[in-house]
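The values are calculated or read from the model by the stated rules, or taken from the named source; none is laboratory data. Here the structure is a predicted model, which means the values were calculated and not measured. Heads up, the Cβs are rebuilt from the backbone with ideal geometry, glycines too, and the neighbour counts pull from every protein chain shown.
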Amino acid sequence: MGDFNESVILDAIRRHPAGLSRVELANATGLSAQTVSNITRRLIDQGVARESGKQNTGSGKPRTLLEIVPTCRYAVGVHLDPAVITCVMVDLLGTVVGHRSRRTPSGGDTDGTVADMAASVRSLVAESGVDAERVLGLGIAAPGPIDASAGWVVDPPELPGWGRYPLRERLSEATGLPALLDKDVTASVVAECWAGAATESRNLLFFYLGTGSGMGLVVDDTVLRGVSGNAGEVGGLGAACSTRTLVDEAVALGVLGGEYTVLDPADAQRGLERLALLAAEGDAQADGIIERLAIRIGRGVCAAGTLLDVDTIVFGGPTWLMLAPRLLATIEPMVARSPFVRATHPTAVLSTTLGENVAAVGAASLVLDQALSAQPRSLLLG
């Protein structure tokens, strides 16, 4: 219970960048003034929180504000994408302090790829100059499907040769860090809640558009993962929104030449960049491909947003950022005029503020979230 209350206090402080006083913390958390005082004293002694200034309330003496010390702890995140592998290191508030990426090797040499990923993680930590004891752990974001409890990736469609692979265990052994594994879209929605565009939302849908696509889901401040960790897979919609599908359609229609035929997931990026340029220059066929994509996404998020009754829809991922203005021009009006999502409350439609590495930041945020957020499950007995 003590650890849970400490997490409640930490969570409340980090959600208020301007700082909170002890009185405000007691009001926000429902904990007694004495409990708040004891916990904040302990957090200050540990270097996790600090007093940041005074708040003049108009009567009585000013209250002392508390804030998180971002540099007291760190986390590392790795995103295994079929096109690119990205590693980031973040501080306690989710701010990126180190980054490296490389093209994902083809050929299915899983052990060799994991060895390279581990080397990148070790180099990232070493180059940061941060004491390794202050690194809480390693988060891994991977395309689905996964076996979350076992820590395996399970035959990811765009990663031939991986089969059923114990990615969490192998990376943990190779780096010496405790590790977590989640789907990339789930990691992304955790990033948005922790450090992104939706830190104030408790009911959120994140649509990820990259090599593949999917949805990350939050309801009543709880990330929905499902029985096996694969909630958010969107079946046919996901396949219809992949980078490969867009480029293949453009080649089939003659909008792109045969030289853009996709042989490897990393190849699709070049074709997509060309397609986006043609659309921006007024090519009607190219724009039509993107318009049809926008309609598919809009229908999907309107349906999911209605099902979950969310107040915020966030979009992100490498492909999204490349096409965001054009896609939003179609999707925003679809959400606004949907008779379902607007019935009783407005629904914000946003682009991620975390850039194209949102899934890697999300992987690191998995570690922060597990270590520092209040986890009601921890109170269950048995």
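Summary of values
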read-out: Residue list for region 333-368, filter: modelled with pLDDT under 90 and in a helix (DSSP H, G or I); value: ALA336, ARG337
read-out: Any hit, region 128-138, residues being assigned by TED's automatic domain parsing to the domain that holds HIS79 and surrounded by 24 or more Cβ atoms within 10 Å (Cβ to Cβ); value: yes
read-out: Options THR319, THR306, THR330: the member that is under 20 Å from the mean Cα position of the chain (by Cα), of a type outside the set (Asp, Glu) and assigned to a helix (DSSP H, G or I); value: THR319
read-out: Residues (exposed (fewer than 14 other Cβ atoms within 10 Å of the Cβ) and among the aliphatic types (A, V, I, L, M)) located in region 258-277; value: LEU263, LEU277
read-out: Considering residues of region 218-249 that are in contact with a strand residue (DSSP E or B) (Cβ under 7 Å, 6 or more places away or on another chain), within 26 Å of SER373 (Cβ to Cβ) and among the polar types (S, T, N, Q) only, the residue surrounded by the fewest Cβ atoms within 10 Å (Cβ to Cβ); value: SER228
read-out: Counted residues, region 202-217 - those being buried (at least 24 other Cβ atoms within 10 Å of the Cβ) and not in a loop (DSSP other than H, G, I, E, B); value: 10
read-out: Which listed residue, of THR330, THR312, THR319, is over 24 Å from ALA359 (Cα atoms) and polar (S, T, N, Q); value: THR330
read-out: Only one of GLY47, GLY19 that is within 29 Å of the chain's Cα centre (by Cα), surrounded by fewer than 14 Cβ atoms within 10 Å (Cβ to Cβ) and on the phi > 0 side of the Ramachandran plot; value: GLY47
read-out: Subset of region 75-118 that is of a type in the set (Val, Ile, Thr) and under 14 Å from the mean Cα position of the chain (by Cα) - its residue that is nearest to LEU136 (Cα to Cα); value: VAL76
read-out: Residue within region 375-382 that is at pLDDT below 95, among the hydroxyl-bearing types (Ser, Thr, Tyr) and under 24 Å from ASP311 (Cβ atoms) present; value: no
read-out: Residue within region 90-97 that is of a type outside the set (Ser, Thr, Tyr) and farther than 25 Å from ILE13 by Cβ present; value: no
read-out: Among the candidates GLU259, GLU273, residue that is farther than 20 Å from VAL84 by Cα and either modelled with pLDDT of 90 or more or not hydrophobic (A, V, I, L, M, F, W, C) (or both); value: GLU259
read-out: All strands (runs of 3 or more DSSP E) inside region 65-159 with 3 or more residues being in contact (Cβ under 8 Å) with a residue 40 or more places away in the chain and within 30 Å of GLY19 (Cβ to Cβ); value: 74-80, 84-91, 135-142
read-out: Some residue of region 189-201 being under 19 Å from LEU372 (Cβ atoms), of a type in the set (D, E, K, R) and crowded, with 24+ Cβ neighbours inside 10 Å; value: yes
read-out: Residue match in region 278-296 (condition: within 14 Å of the chain's Cα centre (by Cα) and not in a loop (DSSP other than H, G, I, E, B)); value: no
read-out: Neighbours by Cβ (under 8 Å, 6+ apart or cross-chain): first from region 242-271, free of Cβ contacts under 8 Å to residues at least 24 places away in the same chain; second outside any loop (DSSP other than H, G, I, E, B) and among the basic types (Lys, Arg); value: LEU256/ARG274; TYR260/ARG270; TYR260/ARG274; VAL262/ARG244
read-out: Near pairs, Cβ below 9 angstrom, 6+ apart or cross-chain, from region 194-211 (outside the structural domain of LEU10 (by TED's automatic domain parsing) and at pLDDT below 90) to any residue that is part of a loop (DSSP other than H, G, I, E, B) and of a type in the set (Asp, Glu); value: SER201/ASP221; SER201/ASP311; ARG202/ASP220; ARG202/ASP221; ARG202/ASP311; GLY210/ASP81; THR211/ASP81; THR211/GLU158
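The rows are residues; the columns are (1) modelled with pLDDT of 85 or more; (2) surrounded by 12 or more Cβ atoms within 10 Å (Cβ to Cβ); (3) part of a strand (DSSP E or B).
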| residue | (1), (2), (3) |
| --- | --- |
| GLU6 | yes, yes, no |
| GLN34 | yes, no, no |
| THR40 | yes, yes, no |
| SER52 | yes, yes, yes |
